[in-house]
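Quick note: the coordinates plus some simple rules give every number you see, no bench work behind them. All figures in this text were calculated on a predicted structure; none of them were measured in a lab. Positions of Cβ are backbone-derived with ideal geometry, glycine not excepted, and every protein chain shown enters the neighbour counts.
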Amino acid sequence: MNKKFAVPRGTSDILPDSIPLWEALESKARKVCKSYGYREIRTPIFEDIDLFKRSLGQTSDVVNKQLLELASGKQEAGGLALRPEGTAAIVRSYIENSLDGKESLSKLFYLGSMFRGERPQKGRLRQFHQIGVEAIGPNSTCGYLDAEMMALAMHLLKELGVQDPQLKINSLGSKEDKANIAAWLRGRMAEHKNDLCEDCQSRFERNVFRVLDCKKESCRKLTAQVVKNLPLSVQSQQYFDQVRAALTSIGVAFEVAPHLVRGLDYYTHTVFEITAEGLGSQDAVGAGGRYDGLVHELGGNEKIDYGAMGFALGIERILLAQDAEHAQSVQSSLDVFVIAMKEEYQPQAFLLLQQLRQSGISANMSFSPGSMKSQMGRANKANARFALILGEEEMKNNTVALKDMSTSQQEIVAQENIVSRIKN
Ligand code: HAM
C-alpha cells in the first residue's frame, strides 16, 4: 500500500461540517467591526522576513523561535517568512499605500491565517486564524480610541458566544518610559537574578519586561514581591487614567494587571489581554495594545506623530471557548432536495435542479437514486427546506410534488411554476 499522508503537526483541516460555524463567526465579526467604522483589509500571507524582525523585536519568542521562513525566498534580499501576526503587515501596507494621505485615521480589520513554528498543544497551533483590528493615524494617541478598541474586542467576543471574557489591562508607558522602566526593573531584580529560572536569566539581559510574564511559580512569586507597579512618567500615568475613565464611562469592566507586558516588542502605553474559561493553559483568547512607534520604525514620515492601536482574537480559541448552545445553533441548510423516484425520471430531475440553481435557489439531488426512504433521509441530512419529488403521476402531468420538510405537508405544483412557488 502507498504511504498515507497526514495533516502537518499543529495544523488542521476545517471539514465541511464545521464550515457553517466558521462562516457564521466570520460574518458576525465583519458586521460588528463595520458597526464601529472599521473597514476590511487583506494583505499577503508572507512578507519580507525583516519586516517581522524589525517590528516584533529580535528578542521576542515569535522572531527567535517561531518564524517560518520560506526556503525559496532565500534568494531574495532578506528572505520571506509566513506571517506570524497581522500588525506588522498592516503598518507596512499603511505606509506603502500612503493611507495617511487619504484619511485622518485608518480603521482597519482583517481575518486570516497566521503561522508560528510553535510546539503544538491545546489552543496553540502552527497555523491558526485571527480576527485583527488596527487603527493608525497622525495624532491619534487618544484614550477614547484605546477604550473603543477594548470595547470592540469585548463586544466581538460576546457576539461570538464566548462566556464571561475577562479584560486585563496595563500601561508600559511611552517609548522613553519603557527605557527607564527597563533600567528600573533590572535594578529591582539584580540581587535576585540567580533565583530566576534559566529563561528569565536570559530575559533579564535581553528584554527584562518579559521576566514579569514568566509562568513559573518561583519567578511569579519573586516578581510579585519586588514589582508592585511599573513606574510611569506623569504624562503616561495621566494617559492611562484617561483610558480607564473612558472604559468605565461606557461600562466595560476591566482589571488592572501590573505584570501584564505582552510578548511583542512594539507596544507602548496601553496593553491588554482577554482571557476566557475552558482554554487550559493557553487562556488568552485575544490581546493587543498601542504601538505608537511602529510607523516610524518601519520607515513612515518622521515629521508626523503617528499613533496606533489594535488587537487580535484567536479564532480557534474562540471556538474552544464558545458556549455549547452557540456552537450548536449553526447548521448548513439547503432550499430544495430533488428526488427522482425512478432512474428514468433523472433527466427531468436534473433539468429542474439546474433551473432552480440558476434562479438563485440552493438545490441538490442524489445521482445514485435509492429508495424513496433513503432519498428522504438525504434531504433531511442536508437540512433541506423542501423536497421536490418526481413520481409517475408528476412525470405524466408535468408537475412535481413539493413537500415542506418541517410540516410534512405536500402539494402538487406545475413544473413551470415551481421557481415562483418556492420563492413565495
Ligand atoms: P498575540 O497575542 O501574539 O498578538 O496573538 C493574539 C491572539 O492570537 C492570542 O491571544 C491567541 O488567541 C491567538 N494566538 C496566538 N498564537 C496562537 C497559536 N499559536 N495558536 C492559536 N492561537 C494563537 C498579536 O498577534 C498582535 N498582532 C495583536 C495586536 C494587533 N496588537 C496590536 N494590534
Problem - Local electrostatic count, Arg317, Cβ distance below 10 Å [Lys/Arg +1, Asp/Glu -1] - result: 0
Exercise for the section: Kindly provide the trypsin sites (Lys or Arg not before Pro) of the range 329-424 that DSSP labels as loop, not H, G, I, E or B, and whose Cβ sees at most 14 other Cβ atoms within 10 Å. Expected result: Lys342
Problem - Mean separation of Cα contacts under 8 Å, 6 or more apart, over the residue count of the chain: relative contact order % - result: 16 percent
Handout entry: Sites matching trypsin sites (Lys or Arg not before Pro) across the range 30-113 that sit in DSSP coil, with at most 15 neighbouring C-beta atoms within 10 Å
Key = Arg42, Lys102
Problem - Gap separating the Cα centres of the range 1-78 and the range 152-224, nearest whole Å - result: 25 Å
Completion exercise
Extension length gain for Glu416 and Glu217 (0.36 nm per residue less Cα distance), in nm, is 64.3 nm
Problem - Computed label-point distance, nm, for sites Val330 and Lys65 using a 7 Å Cα→Cβ extension - result: 3.2 nm
Handout entry: For the range 334-423, size of Cβ-based charge dipole, Lys and Arg +1, Asp and Glu -1, in debye
Key = 320 debye
Problem - Neighbour-limited loop hits for GluC sites (Glu not before Pro), the range 75-173 (at most 15 other Cβ within 10 Å; DSSP other than H, G, I, E, B) - result: Glu76, Glu103
Completion exercise
Rounded to the nearest whole number, the Stokes-Einstein translational diffusion coefficient of the chain at 37 °C and 0.692 mPa s (Kirkwood radius, C-alpha pairs) in µm²/s is 132 µm²/s
Exercise for the section: Work out which helices of the chain, taken as complete DSSP H runs, extend at least 20 Å along their axis over the Cα atoms and score a mean Kyte-Doolittle of -1.0 or more, then list them. Expected result: 19-35, 143-159, 175-189, 234-249
Exercise for the section: Pairs of Cα atoms under 8 Å, at least six residues apart: use those to get the relative contact order of the range 334-423, whole percent. Expected result: 30 percent
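Over 28 Å between Cα atoms, which of Lys102/Lys303; Lys53/Lys158; Lys102/Lys168; Lys53/Lys215; Lys31/Lys216; Lys34/Lys65 qualify? Write out the running numbers ahead of the final one.
Values: Lys102/Lys303 17 Å; Lys53/Lys158 34 Å; Lys102/Lys168 34 Å; Lys53/Lys215 25 Å; Lys31/Lys216 40 Å; Lys34/Lys65 35 Å.
Violating the 28 Å Cα-Cα cut-off are Lys53/Lys158; Lys102/Lys168; Lys31/Lys216; Lys34/Lys65.
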Exercise for the section: Provide the net charge surrounding Ile422, with neighbours chosen by a C-beta distance below 10 Å and charges set as Lys +1, Arg +1, Asp -1, Glu -1. Expected result: +2
Handout entry: the range 334-423: C-alpha gyration tensor shape, a/c 1.5 cut-off, then a/b vs b/c
Key = rounded
